[in-house]
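First up is the structure itself, then whatever we jot down about it.
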Amino acid sequence: MAGRIRIGVSGWRYPPWRGNFYPAGLPRHRELWHAARHFNSIELNGSFYSLQRPSSYAQWAAQTPPGFVFAVKGGRFITHMLKLRNAQAALGNFFASGLFALGDKLGPILWQFPPQMRLDLDLFEAFFAGLPATTEAAARVALQRDDRLQGRELLEPVHRQRLRHAVEVRHASFVDPAFIALLRRYGIAWVVADTPQPWPLYEDVTADFVYIRLHGSTELYKSRYTPAQIERWAAAIAAWQRGDQPADARLIAPKPPPKRAARDVYCYFDNTDKLHAPDNARELMAALGLAAAPDEVAGWRPDPVRPASAARRTAGRRTRVTPG
């Protein structure tokens, strides 16, 4: 069975997209609905900036078709402020804040670290050991939440599934085979992050899936990917989907990953400022022979918003989405 390829964009609320990717006159509350008719996944990054609400996660799930998946970005309070230290309550808050309301649309969880944060193998191993591998384990982590979530928490998964985690690092100290070995030990994906900044761009496979973030190859968050670059990424994704790795893969560790018959691949365009992300995402889909939208979108209409029961007492809060 072939791995599943998911291609999308990072966020969906960008004013310059209105009248371009979004048709003129499209109501703002229909933007996610429109994007979900073109892509089979979106990276939700509002969760990076602040804790969201169960009602918001429930609304996003209702606005997307069957088979759609959200990648959810872990909170910067954990990665950038606490820098993984004494983070048990913060991790509990994150998992109690409503992720379970996505149901079977909950995809990988992305943990992005700041450029100044250096590799500390012991610190990262302790963090990885505490990351839940299933929604049941995540529910136990959620019990560590603090009082700030009282009245706006969701502690019971509505869908039981395995959880996937991916890590994006931005300091050269992580270019270390020992870190690749640590990721493989815990089945956590090294994020393949393409950027013009001096952040590490390597393509080691460390999990049963591959996670790619394309931030712009020449200008951060802005530059458009050329047809030749799109073709290269398409070839790499096809190799990863087959369980292989590209012949020209840029590697940290000389030891290859365990051979697999297939791998799922998640790829998100974050070159958002000048409208290129939706266009590049559709070009990559075409290069891979993927349909312009999932088959199950045909004839689909969004459900009326029915927030999770634990969230009905609270009003939904809009996601803050900015490049990252």
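The values are calculated or read from the model by the stated rules, or taken from the named source; none is laboratory data. All values derive from a computational prediction rather than experimental measurement. Here the Cβ positions follow ideal geometry from the backbone for every residue, glycine too, while neighbour counts run over all protein chains shown.
Values computed for the structure shown
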| item | result |
| --- | --- |
| Number of the exception - Asn45 against (1) touching a strand residue (DSSP E or B) at 6+ places or on another chain (Cβ under 6 Å); (2) modelled with pLDDT of 95 or more | (2) |
| Given (1) modelled with pLDDT of 95 or more; (2) out of contact with any Phe, Trp or Tyr (no Cβ under 8 Å at 6 or more places or on another chain), number of the condition Phe209 does not satisfy | (2) |
| Qualifying residue in segment 151-166 (condition: buried (at least 21 other Cβ atoms within 10 Å of the Cβ) and out of contact with any Phe, Trp or Tyr (no Cβ under 8 Å at 6 or more places or on another chain)) | yes |
| Failed criterion for Ala172 (all others in (1) of a type in the set (A, V, I, L, M, F, W, C); (2) closer than 17 Å to Ala71 by Cα; (3) without any contact (Cβ under 8 Å) to a residue 40 or more places away in the chain hold) | (2) |
| Residue match in segment 193-203 (condition: within 17 Å of Ile5 (Cα to Cα) and in contact with a Pro (Cβ under 6 Å, 6 or more places away or on another chain)) | no |
| Any hit, segment 10-17, residues being more than 23 Å from His215 (Cβ to Cβ), part of a loop (DSSP other than H, G, I, E, B) and in contact (Cβ under 8 Å) with a residue 12 or more places away in the chain | no |
| Residue in segment 44-52 that is surrounded by 23 or more Cβ atoms within 10 Å (Cβ to Cβ), among the aromatic types (Phe, Trp, Tyr) and closer than 20 Å to Val191 by Cβ present | yes |
| In segment 92-125, the residues that are touching a Pro at 6+ places or on another chain (Cβ under 6 Å) and either small (Gly, Ala, Ser) or surrounded by fewer than 24 Cβ atoms within 10 Å (Cβ to Cβ) (or both) | Gly98, Ala101 |
| So Leu220, is it within 22 Å of Ala172 (Cβ to Cβ) and surrounded by fewer than 20 Cβ atoms within 10 Å (Cβ to Cβ) | yes |
| Those helices (runs of 4 or more DSSP H) lying entirely in segment 37-150 with at least 2 residues among the β-branched types (Val, Ile, Thr) and touching a residue at least 12 places away in the same chain (Cβ under 8 Å) | 135-142 |
| Some residue of segment 124-133 being among the charged types (D, E, K, R) and on the phi > 0 side of the Ramachandran plot | no |
| Top-ranked residue of segment 256-285 - restricted to ones that are under 17 Å from the mean Cα position of the chain (by Cα) and part of a loop (DSSP other than H, G, I, E, B), ranked as surrounded by the fewest Cβ atoms within 10 Å (Cβ to Cβ) | Asp270 |
| Residues being touching a residue at least 40 places away in the same chain (Cβ under 8 Å), farther than 19 Å from Val169 by Cα and outside any helix (DSSP H, G or I) - total across segment 237-255 | 6 |
| Breaking point among (1) among the aliphatic types (A, V, I, L, M); (2) touching a residue at least 40 places away in the same chain (Cβ under 8 Å); (3) farther than 30 Å from Arg53 by Cα, for Val167 | (3) |
